[in-house]
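Shown next, in structure tokens, is the structure this report addresses.
The values are calculated or read from the model by the stated rules, or taken from the named source; none is laboratory data. The structure displayed is predicted, hence computed values, not measured ones. Cβ placement follows ideal geometry from the backbone for every residue including glycine, while neighbour counts extend to all protein chains displayed.
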Amino acid sequence: MAGRIRPVEVSAAVLFFSAVALFGQDAPASPGPPKPGIPGQPAAAQDTAALAKATQNPVASLISVPIQDSSNFGVGPYDRTQNVINIQPVIPVRISENWNLITRIIQPIVWQPYPAATVGGQSGFGDMNPAFFLSPAKPGKLILGAGPTIVIPTATSALTGQGKLSMGPSVVALTQPGPWTIGVLVNNVFSIVGSPHRPAVNQMLLQYFINYNLKKGWYISSSPIVTANWRKRGSGEAADGNDTTGGSVWTVPFGGGVGRIMRLGFQPVNITAQFYASAVHPPGASPWGMRLQIALLYPKRPKG
């Protein structure tokens with residue numbers, strides 16, 4: 001059918017561009033002119049290491065435009081594949097001498113197979129998810145950010161969105177000792193208004209991230225997304241019109257992959273490939289998946 005987002009084609013395209021970035025440019029990215037640095041270490045290597053740290057910090061003063069493709073395999077009784085492309089620009093703004101406001105907007109483009117059919121499905125936009133983090137402009141060893149996150153019902157199909165305007169708090173905390181970046185991002189959203197025919201929303205997202213930076217811009221990464229749908233309950237509990245009975249509250253994946261900070265032509269990019277399996281997931285949900293990402297990076301240039 002014309003216009004359908006096909007997961008195999010999308011994944012192949014993202015993998016192709018990632019491969020071009022990986023092997024087409026061997027020099028690491030340098031975000032600016034050489035800086036006074038560590039004796040015995042090339043300035044370009046220092047710049048690449050600094051850029052890697054910034055890309056792994058959700059509240060860094062770095063403009064980036066990640067394009068992430070997630071293929072979720074084994075969905076439903078017919079083991080079908082769901083595909084989600086997330087376009088998620090991150091824009092930091094210095095609002096005072098001591099504070100930054102970081103805006104992250106996630107716009108999904110979804111291919112959702114019909115759950116009870118061997119062919120067919122719906123493609124279109126998912127719900128937009130902007131989040132805002134207020135963070136110190138001069139953080140210490142522990143980097144913090146906090147603010148609201150909002151889910152706006154922009155989905156073009158009932159299968160690709162929740163049909164509710166939801167919002168709630170979001171917090172991120174991390175530390176970056178030596179070559180490591182270790183942190184966690186957590187939010188919980190509650191539905192406010194929306195279609196009375198759709199279930200109410202009360203769900204948590206927790207993403208912990210562990211990165212170890214290697215030489216020449218390479219790094220090892222694990223950043224699984226743990227979710228909890230608090231509206232799901234055991235089938236023996238009393239129901240109300242907003243609850244979804246049965247199934248698992250939790251989705252708990254594990255896994256990881258590799259990435260690299262480098263140049264694609266003149267453009268600094270961050271590319272990653274990761275695989276995850278779920279130790280716990282609701283019935284019919286994907287037991288494993290692949291996440292590919294390319295992020296365009298726009299580091300600030302030194303003045304002068």
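Hey, any hits in segment 61-74 for a residue that's touching a helix residue (DSSP H, G or I) at 6+ places or on another chain (Cβ under 9 Å), over 30 Å from Pro282 (Cα atoms) and of a type outside the set (A, V, I, L, M, F, W, C)?
So far as segment 61-74 goes, yes, one or more of its residues are touching a helix residue (DSSP H, G or I) at 6+ places or on another chain (Cβ under 9 Å), over 30 Å from Pro282 (Cα atoms) and of a type outside the set (A, V, I, L, M, F, W, C).
Given the residues Val151, Val193, which is the only one that is surrounded by fewer than 16 Cβ atoms within 10 Å (Cβ to Cβ), β-branched (Val, Ile, Thr) and either over 30 Å from Tyr219 (Cβ atoms) or touching a Leu at 6+ places or on another chain (Cβ under 7 Å) (or both)? Please lay out each step first, then the result.
Values: Val151 fails: surrounded by fewer than 16 Cβ atoms within 10 Å (Cβ to Cβ).
Being surrounded by fewer than 16 Cβ atoms within 10 Å (Cβ to Cβ), β-branched (Val, Ile, Thr) and either over 30 Å from Tyr219 (Cβ atoms) or touching a Leu at 6+ places or on another chain (Cβ under 7 Å) (or both) holds for just one of Val151, Val193, which is Val193.
Counting only residues that are at pLDDT below 95 and either of a type in the set (Asp, Glu) or assigned to a strand (DSSP E or B) (or both), how many does segment 194-216 have?
Looking only at that region, the number is 1.
Within segment 245-260, restricting attention to residues that are farther than 16 Å from Gln68 by Cβ and at pLDDT 95 or above, which residue is surrounded by the most Cβ atoms within 10 Å (Cβ to Cβ)?
In the first step, residues of segment 245-260 are kept if they are farther than 16 Å from Gln68 by Cβ; the result is 245-252, 254.
Keeping just the survivors that are at pLDDT 95 or above gives 250-252, 254.
Working: Trp250: 16, Thr251: 19, Val252: 15, Phe254: 11.
Of everything passing the filter in segment 245-260, Thr251 is surrounded by the most Cβ atoms within 10 Å (Cβ to Cβ).
Scan segment 276-302 for residues that are surrounded by fewer than 18 Cβ atoms within 10 Å (Cβ to Cβ) and out of contact with any Phe, Trp or Tyr (no Cβ under 7 Å at 6 or more places or on another chain) and jot them down.
To start, the set of residues in segment 276-302 that are surrounded by fewer than 18 Cβ atoms within 10 Å (Cβ to Cβ) comprises 277, 279-280, 282-285, 287-288, 296, 298, 300-302.
Correct list: Pro282, Pro283, Gly284, Ala285, Pro287, Leu296, Tyr298, Lys300, Arg301, Pro302.
Does segment 56-69 contain any residue that is outside any strand (DSSP E or B), surrounded by fewer than 18 Cβ atoms within 10 Å (Cβ to Cβ) and either touching a Lys or Arg at 6+ places or on another chain (Cβ under 8 Å) or free of Cβ contacts under 8 Å to residues at least 60 places away in the same chain (or both)? Show your work before the answer.
Restricting attention to segment 56-69, the residues satisfying the condition of being outside any strand (DSSP E or B) are 56-62.
With surrounded by fewer than 18 Cβ atoms within 10 Å (Cβ to Cβ) added as a condition, the list becomes 61.
Imposing the further condition that a residue be either touching a Lys or Arg at 6+ places or on another chain (Cβ under 8 Å) or free of Cβ contacts under 8 Å to residues at least 60 places away in the same chain (or both) reduces the set to 61.
Checked segment 56-69: at least one residue is outside any strand (DSSP E or B), surrounded by fewer than 18 Cβ atoms within 10 Å (Cβ to Cβ) and either touching a Lys or Arg at 6+ places or on another chain (Cβ under 8 Å) or free of Cβ contacts under 8 Å to residues at least 60 places away in the same chain (or both).
Which of (1) among the hydrophobic types (A, V, I, L, M, F, W, C); (2) assigned to a loop (DSSP other than H, G, I, E, B); (3) in contact with a Gly (Cβ under 9 Å, 6 or more places away or on another chain) is the odd one out, the single condition Ala158 does not satisfy?
For Ala158, the exception is condition (3).
How many of the residues in segment 154-172 are surrounded by fewer than 16 Cβ atoms within 10 Å (Cβ to Cβ), modelled with pLDDT of 95 or more and either of a type outside the set (S, T, N, Q) or touching a Lys or Arg at 6+ places or on another chain (Cβ under 6 Å) (or both)? Walk me through how you get there before you give the answer.
Going residue by residue through segment 154-172, those that are surrounded by fewer than 16 Cβ atoms within 10 Å (Cβ to Cβ) are 154, 156-158, 169, 171.
Then keep just the ones that are modelled with pLDDT of 95 or more; that gives 154, 156, 169, 171.
Retained after the next criterion (residues that are either of a type outside the set (S, T, N, Q) or touching a Lys or Arg at 6+ places or on another chain (Cβ under 6 Å) (or both)): 169, 171.
Of the residues in that region, 2 qualify.
Spot the failing condition for Gln162; the list is (1) under 24 Å from Pro92 (Cα atoms); (2) in contact with an Asp or Glu (Cβ under 9 Å, 6 or more places away or on another chain), and only one is missed.
(1)
Out of all the residues in segment 120-148, which are acidic (Asp, Glu) and surrounded by fewer than 16 Cβ atoms within 10 Å (Cβ to Cβ)? Please lay out each step first, then the result.
In the first step, residues of segment 120-148 are kept if they are acidic (Asp, Glu); the result is 127.
None; the set is empty.
Scanning for something in contact with a helix residue (DSSP H, G or I) (Cβ under 9 Å, 6 or more places away or on another chain) and under 23 Å from Gly257 (Cβ atoms), does segment 178-195 turn up at least one residue?
Taking segment 178-195 as the starting set, the residues that turn out to be in contact with a helix residue (DSSP H, G or I) (Cβ under 9 Å, 6 or more places away or on another chain) are 179, 181.
When the remaining residues are screened for being under 23 Å from Gly257 (Cβ atoms), the result is 179, 181.
Scanning segment 178-195, I find at least one residue that is in contact with a helix residue (DSSP H, G or I) (Cβ under 9 Å, 6 or more places away or on another chain) and under 23 Å from Gly257 (Cβ atoms), so the answer is yes.
Identify, please: which residue in segment 180-190 is without any contact (Cβ under 8 Å) to a residue 40 or more places away in the chain and under 18 Å from Leu144 (Cβ atoms) and is, among those, surrounded by the most Cβ atoms within 10 Å (Cβ to Cβ)?
Keep residues of segment 180-190 that are without any contact (Cβ under 8 Å) to a residue 40 or more places away in the chain, which gives 180, 182, 184, 186, 188, 190.
Then keep just the ones that are under 18 Å from Leu144 (Cβ atoms); that gives 180, 182, 184, 186, 188.
Working: Trp180: 16, Ile182: 15, Val184: 14, Val186: 15, Asn188: 18.
Filtering first and then ranking leaves Asn188.
With the structure loaded, tell me whether Val151 is more than 30 Å from Pro77 (Cβ to Cβ) and either among the aromatic types (Phe, Trp, Tyr) or in a strand (DSSP E or B) (or both) or whether it fails that test.
Details: more than 30 Å from Pro77 (Cβ to Cβ): no; either among the aromatic types (Phe, Trp, Tyr) or in a strand (DSSP E or B) (or both): yes.
When the stated conditions are applied, Val151 does not pass them.
Among residues belonging to segment 120-148 that are in a loop (DSSP other than H, G, I, E, B) and farther than 15 Å from Thr175 by Cβ, point out the one that is farthest from the chain's Cα centre (by Cα).
Step one: of segment 120-148, the residues in a loop (DSSP other than H, G, I, E, B) are 120, 126-127, 137-141.
From what's left, farther than 15 Å from Thr175 by Cβ: 120, 126-127, 137-138.
On the way: Gly120: 27, Gly126: 14, Asp127: 14, Ala137: 23, Lys138: 25 Å.
Selected residue: Gly120.
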